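The block underneath contains the structure these notes are about, expressed in structure tokens.
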Amino acid sequence: MPPNLDVKLYPYESSQRRSSERETPSTKQSRQSNIRKPLAGHHENDRRYVNGEYWAPNDERQNNQLDIAHHLYRLTLNGRLYIAPIRESPRMVLDIGTGTGIWAMDFADQHPSAQVIGFDLSPVFQERVVPNVRFEVKDACDPDWGYEKNSFDFIHARGMYGCGADWLAFYQRVLTYLAPGGWYQQIEMSVTPTSDDRSVTAGSIFDQWGKNFLEAGDRCGKDFRIHKQVKGYLEGAGFEDVVELIYKWPIGTWSEYPRIKEIGRWNLVQWQEGIEGWSLALLTRALNWSYPDVQAYLEKMRGGLKDPTIHAYHIINVVYGRKSTVRDKGLQG
Ligand SMILES: C[S@@+](CC[C@H](N)C(=O)[O-])C[C@H]1O[C@@H](n2cnc3c(N)ncnc32)[C@H](O)[C@@H]1O
């Protein structure tokens, strides 16, 4: 599919920023009181994974990358945690594949009346004193998530690329657990860097990166193209009022626009922190590369990341949609 031409160079500007979405002192305070627990998993090439199910490590280094990405998402959404027009005081909120739980915790801080549940394959989330957030270990591919049907006012997912094989079943499950009229929002990123000025050339290290990522994902049944398929899936599954916003995340500080430059600066840090974890298992397990080959490749990638003549970016898709309020559509599960 060709890139969508309706790409925003600037992060989405909201004219109405909800006061409840601003950072509060309690956000900081409660984050400071987090304790990360030692985690189970297996070690491979000096990184820790959750039983081979998930393609990226779940260790401290990758969790740092996830927290940097959280900052990037917020910069992109003008400080907001979501842009779906959810009700003022949501009661039940679910965060699928919650990772470190940073989104769920921030959301719970901002919405004290909400009961927020975050679940993930592995317990990388943090222990926390905030009473209205709860974390669970659960597999999103499991057909039964064990919650009351029609119960969530808002379901959120972010960075689920490469996580599922049967997306249609996944979205139908989301509909089952959403309350009638409830909103779903998902943010995904492309793994294929590109450029508008042809500084990412065919065969260059960035070009190879995207191709290798997609091929490795395909070989192990993990599709990394979900970012451009979410909207179609939601519409096909029966969501209403589906909206998609598309952003460019520069890799590096090459943009002349200060806000985009800021995103590029953070994104560069994210890539520097993330590339080993993103590629190691995929390249060694799916493409049979040796560990030294991956490290040599990563060195070239690090060179590319530092090259100011390359004006690379990748695409971020923010999609949201609503479950019908009409009960006889058979969407309620
Ligand atoms: C890229 S991380 C994103 C984490 C978090 N949503 C965020 O944006 O900070 C993807 C997360 O999805 C989790 N995950 C992958 N497959 C999953 C599954 N089948 N069920 C539940 N969680 C899953 C991984 O363990 C990982 O923590």
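Where a number appears in this text, it was derived from the coordinates with a stated rule and is not lab data. On a predicted model such as this, the values are computed, not experimentally measured, just so you know. Cβ atoms come from the backbone with ideal geometry, glycine included; neighbour counts cover every protein chain shown.
Computed extension length for H42-H71: 7.6 nm, one decimal, from 0.36 nm per residue of separation with the Cα-Cα distance subtracted. Per-residue 3J(HN,Hα) values for region 301-306, derived from phi via the Karplus relation 6.51 cos²θ - 1.76 cosθ + 1.60 with θ = phi - 60°, read 4, 4, x, x, 4, 8 Hz in sequence order (x marks Gly and Pro).
Between amide H atoms placed 1.01 Å from N, distances below 5 Å from G118 occur with D95, R134, F135, E136, all of them 5 or more places distant or on a separate chain. In this structure, the residue pairs whose Cα-Cα separation is over 26 Å, taken from K211/K323; K228/K323; K149/K228, are K211/K323; K149/K228. Label sites at A202 and Y257, each approximated as a point 7 angstrom past Cα along Cα to Cβ, lie 3.0 nm apart. For region 206-211, putting each phi into the Karplus relation 6.51 cos²θ - 1.76 cosθ + 1.60 with θ = phi - 60° gives couplings of 5, 5, 4, 3, x, 5 Hz, in residue order, rounded to whole numbers and with x for Gly and Pro.
Relative to one another, the C-alpha centroids of region 125-189 and region 258-333 are positioned 21 Å apart.
Sequentially through region 220-237, phi angles give Karplus couplings (6.51, -1.76, 1.60; θ = phi - 60°) of 10, x, 10, 7, 9, 9, 4, 4, 9, 10, 4, 4, x, 4, 4, 5, x, 7 Hz, Gly and Pro residues having no value and appearing as x. The aspartates and glutamates whose alpha-carbon is closer than 19 Å to the alpha-carbon of K222, local same-chain residues fewer than 8 away aside, are E53, D120, D139, D142, D166, E188, E276.
Taking the Cβ-Cβ separation of A169 and K306 as r and a Förster radius of 41 Å, what is the calculated FRET efficiency to the nearest 0.05? Let's see the in-between values first.
Details: r = 42 Å, r/R0 = 1.03.
It comes to 0.45.
Between R134 and V243, the modelled labels are 3.1 nm apart [label points 7 Å from Cα along Cα→Cβ]. For F154, the amide hydrogen comes within under 5 Å of the amide hydrogens of M92, L94, W183, counting only partners 5 or more places away or on other chains and with H modelled in the peptide plane.
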